[in-house]
Amino acid sequence: MLDVRRLRLLRDLARLGTIAAVAEAHAYTPSAVSQQLAALQRQAGVPLLERAGRRVALTATGQALVRHTEAVLAALEAADATLAAARAGLSGTVRIGAFPSAVRTLLPAALVTLTRDHPALDLMVTELDPVAVPAALRDRRLDVALLHDYDIAPVEPDPALESTPLLDETVYLAVPAEPAPPADGDPVRAARSADWIVGSPGTLCHTVALHACQLAGFRPTVRHHADDFTAVLALVAAGQGVGLVPELAVGQPVPGVRLMPLDVRRRTRVAYRRGAGDHPAVAACVRALRAASDDLLADRPAQ
């Protein structure tokens, strides 16, 4: 019988690319990872790895085994969900991850609901960028997480995860209130000569801002990097440039800032490990987040 822990290391090697990266992700030494993968190969009885220069790569059989590993891990998650559903009441730790604007808006109401309905749950929240969510879920550092993408920059689904849609938001171009921007045309194209405020390189917000400008036919002059939308709006109000801001991050109108709706949508989903969707705690989190989302959008004033 193949060892599940070793299969997980093989899966992570396929994802991360190097034994050193796998070792870091699991807090092992590279030597320990190599030994475990060698033991897995002996168990399999066929080559799973091959040299590729100074690295190792998966053989075709190794890649096929990784696909089976995803199914095995999903089945184990489903089995755990079945056992949890057979127990009386919900208890234990649930680790929830969310991006900053959701932590401020969606999450508080959802946490209130979960605490009221399931007081034995120990809820732990981590704020993180959506690009870090898949790894955190796969590595079991999170159980449920909010992630998002944009219709102009869709993110490929992760085979280790499942998700359920939560909400779509309008994305705005935030510009200084004075002088008034042009009344018609593409607001992004009209801001081609402006300084831009974008997220840090490597974040999804950074990618989306540059892609929106590329679609409008120009490369932006980036003056400031800010990952907090409140900071972006403050910089815009101070006349320091323009930036993209999703609806969830806006709240009340900001003095000195004009919000121009774009034909761009940010799409938020609730994600969890494949097979875990029927776990009672995961299902409770999804319900609470959906209720919080519905209430928030119903109460949001028109921009």
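Values for this structure:
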read-out	value
With every protein chain in place, segment 1-112: carbon and sulfur % of accessible area (1.4 Å)	58
Cα gyration tensor shape for segment 1-116, rounded if a/c is under 1.5, else prolate or oblate	prolate
For the chain, accessible area per residue (1.4 Å probe, heavy atoms of protein chains only), Å²	50
Distance from segment 195-253 to segment 95-157 (C-alpha centre basis), Å	23
Helical contribution to [θ] at 222 nm, DSSP H n ≥ 4, -39,500 (n - 2.57), averaged over the chain, rounded to 500	-14000 deg cm²/dmol
Rounded percent of accessible protein surface that carbon and sulfur make up, segment 156-285, 1.4 Å probe	52
Cβ charges +1 (Lys, Arg) and -1 (Asp, Glu), total dipole of the chain, debye	1000
Unit charges at the beta carbon, dipole of the chain: most positive-side option, Val144, Leu161, Leu123	Leu161
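The values are calculated or read from the model by the stated rules, or taken from the named source; none is laboratory data. Keep in mind it's a predicted model, so treat the numbers as computed, not measured. Please note: Cβ atoms are built from the backbone with ideal geometry, for glycine as well, and neighbour counts cover all protein chains shown. What goes into the accessible areas is simple: the full protein's heavy atoms, side chains included, and nothing from ligands, DNA or RNA. Shrake-Rupley method; radii C 1.70, N 1.55, O 1.52, S 1.80 Å.
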